[in-house]
Amino acid sequence: MTVTIALGLQWGDEGKGKMVDYLSETADLVIRAAGGANAGHTIVNNDKKYILHHLPSGLIHAHARAYLASGMVIDPFSLLKEIKGIEQQGLSDLRNRIQISPAAHLILPWHRDLEKIREKSPGAIGTTLKGIGPAYESRASRKGLPLALLKYPDLLKQKLSSIFQEFAPFFEKFEVSVDSVDEVHAQLLQVAREIVPLLGDLQPLLDKYIQPDDNNEIILEGAQGALLDINHGTYPYVTSSSTISGGLLSGTGIGPLKIDKAVGIMKAYTTRVGNGPFPTEIQGKAGEKMGKIGGEFGATTGRPRRCGWLDLVALKYAVNLTGVKDLVITKIDVLSDFEKVKVCTAYKLPDGTSSSFFPEDPWILEKCRPVYKTFPSWNISGSLTVDNIDPALQAFIDMIEKYTGARVSFLSWGPQRHKTLRV
Ligand code: GDP
Ligand code: IMO
Ligand code: MG
């Protein structure tokens, strides 16, 4: 039995979808632990492209089972759309392979309405507008609605009425008209017919798969990235769940001693969607050029991603937060289109000193300026193999390993599954 954690080390969109699909080739069970449809994970396999939001990426392999764990917040309407979309793309036996925790929480239409109002106000985070933050707030306030309620229509109505009492004054203040309790209740009962058959507990599955003496492989798939973590990320410009290894453990209820491997996925440069500090951001036309070459447009919202150079200070912080020993570097093909590659090796702090530590004080982070080293870029011609790694790329890899203490174990040079090299 092997349990592997695979997660993002930056501000999301590192290529987790591609890499989890790759790592899941022989996986038996792939589990999403937290977040919801704010995630957009892209998998390109032969001539098919899948974009998954709630569903774990390993699901593309016909033998893999997928579990949506209790740490998630799930929009049942958008989940069903996602399942139907993937079914139409020809993925077989899907509904027999997906299970959802009855303890995961519902994202209600009101959560999305609330977020829309907030994000129009000053201080917007630049969220994905999927209702993630408000749903986690409801959960933390103990007014949230676990998916299990879809089995109990009367109780569901009671809980909807109770939570609506909390939201109503807000909607009245902003003069926004929203669906009534009866309307939301009816909508939920409609989707319950297809969601309820998918509900199932994780413990029996784990009992089946986590046996010390068998060859089962389980992958815990991260969403977002370490720097968007609610506790350790660039607060308040973060998501509302824990995105680091600890978050994957808490979101699934799997204990730390069950984990065999932790793999961190990073881009050869950095991107960020939404607002918040980004020390190595390339402003203006040059940043747009990187976005164009890298195809940096959100898989969930279509928003252009902000682009910048690799930030080793932030990366080392993320490696420490997540405890990953293995790294995957994606998108090395994108930097091969540049003549020179810059890498941030330290921050210049507002008091004039330099530091190689990511500051926890958000107001200091805002004022940090990157200190760069410049490297020649590399060539990737034809198929990348361990025997034809350009020395310039090898120097880039060596520097990342030296700085972070983690080992670069995979390189990715294109969206397709086969454009991956184990090194
Ligand atoms: P995720 O959220 O971490 O799963 O990443 P996204 O799917 O949101 O964004 C990553 C984008 O980069 C997708 O369009 C992928 O198809 C693409 N991609 C992944 N790996 C590579 C790579 O090595 N090179 C290139 N050029 N594109 C890649
Ligand atoms: P994947 O899994 C990139 C960002 C949003 C916003 C902040 C809060 O595809 O890497 P939220 O809707 O979660 O409340 O938004 O977090 N964000 C992501 N950015 N990739 C993601 O997911 C993200 N999920 C959330 O842009 O800045
Ligand atoms: Mg994404």
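The values are calculated or read from the model by the stated rules, or taken from the named source; none is laboratory data. None of the values given here were measured: they were computed from a predicted structure. Because the Cβ atoms are built from the backbone with ideal geometry, glycine has one as well, and the counts that use them run over all protein chains shown.
Annotations
- Restricted to the stretch 273-300, and to residues there that are within 12 Å of ligand 1 (Cβ to nearest atom) and within 24 Å of P362 (Cβ to Cβ), the residue that is modelled with the lowest pLDDT is G298.
- Applying the criterion of being of a type in the set (D, E, K, R) and closer than 29 Å to G274 by Cα to the residues of the stretch 128-163, the residue that is nearest to ligand 3 (Cβ to nearest atom) is K130.
- Whichever residue in the stretch 210-234 is more than 16 Å from ligand 2 (Cβ to nearest atom) and surrounded by fewer than 19 Cβ atoms within 10 Å (Cβ to Cβ) and, among such residues, is nearest to L106 (Cα to Cα): I210
- The residues on offer are P350, P279, and the sole one that is part of a loop (DSSP other than H, G, I, E, B) and either within 18 Å of D229 (Cβ to Cβ) or within 16 Å of ligand 3 (Cβ to nearest atom) (or both) is P279.
- Filter result for the condition that a residue is free of Cβ contacts under 8 Å to residues at least 24 places away in the same chain and within 15 Å of Q416 (Cβ to Cβ), over D47, D21: D47
- Test result for S241, in a helix (DSSP H, G or I) and polar (S, T, N, Q): no
- Filter result for the condition that a residue is surrounded by fewer than 24 Cβ atoms within 10 Å (Cβ to Cβ) and near ligand 1 (Cβ under 10 Å from one of its atoms), over G17, G8, G40, G12: G40
- Residues that are of a type in the set (S, T, N, Q) and farther than 25 Å from Q394 by Cα, drawn from the stretch 335-367: T353, S354, S355
- Residue in the stretch 406-421 that is within 27 Å of the chain's Cα centre (by Cα) and more than 15 Å from ligand 1 (Cβ to nearest atom) present: yes
- Hey, I400 surrounded by 15 or more Cβ atoms within 10 Å (Cβ to Cβ), more than 16 Å from ligand 2 (Cβ to nearest atom) and under 19 Å from G264 (Cβ atoms) or not: yes
- Residues (crowded, with 16+ Cβ neighbours inside 10 Å and either more than 19 Å from the chain's Cα centre (by Cα) or within 20 Å of A168 (Cβ to Cβ) (or both)) located in the stretch 118-135: R118, E119, G131, G133, P134, A135
- Every pair of residues 6+ apart whose Cβ atoms lie under 7 Å, when the first sits in the stretch 387-401 and is aromatic (F, W, Y) while the second is outside any helix (DSSP H, G or I): F396/V341; F396/F375
- Test: residue in the stretch 367-382 that is within 29 Å of the chain's Cα centre (by Cα), at pLDDT below 95 and farther than 22 Å from L321 by Cβ: yes
Residue by residue, here is whether (1) in contact with a helix residue (DSSP H, G or I) (Cβ under 7 Å, 6 or more places away or on another chain); (2) farther than 23 Å from L129 by Cβ; (3) within 15 Å of ligand 2 (Cβ to nearest atom) holds:
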site	(1), (2), (3)
T26	no, yes, no
N38	yes, no, yes
H41	yes, no, yes
N45	yes, yes, no
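- Only residues that are touching a helix residue (DSSP H, G or I) at 6+ places or on another chain (Cβ under 7 Å) and either in a strand (DSSP E or B) or touching a residue at least 60 places away in the same chain (Cβ under 8 Å) (or both) were counted in the stretch 60-69, giving 4.
- Selected residue [touching a helix residue (DSSP H, G or I) at 6+ places or on another chain (Cβ under 8 Å), part of a loop (DSSP other than H, G, I, E, B) and in contact (Cβ under 8 Å) with a residue 40 or more places away in the chain] from V184, V178: V178
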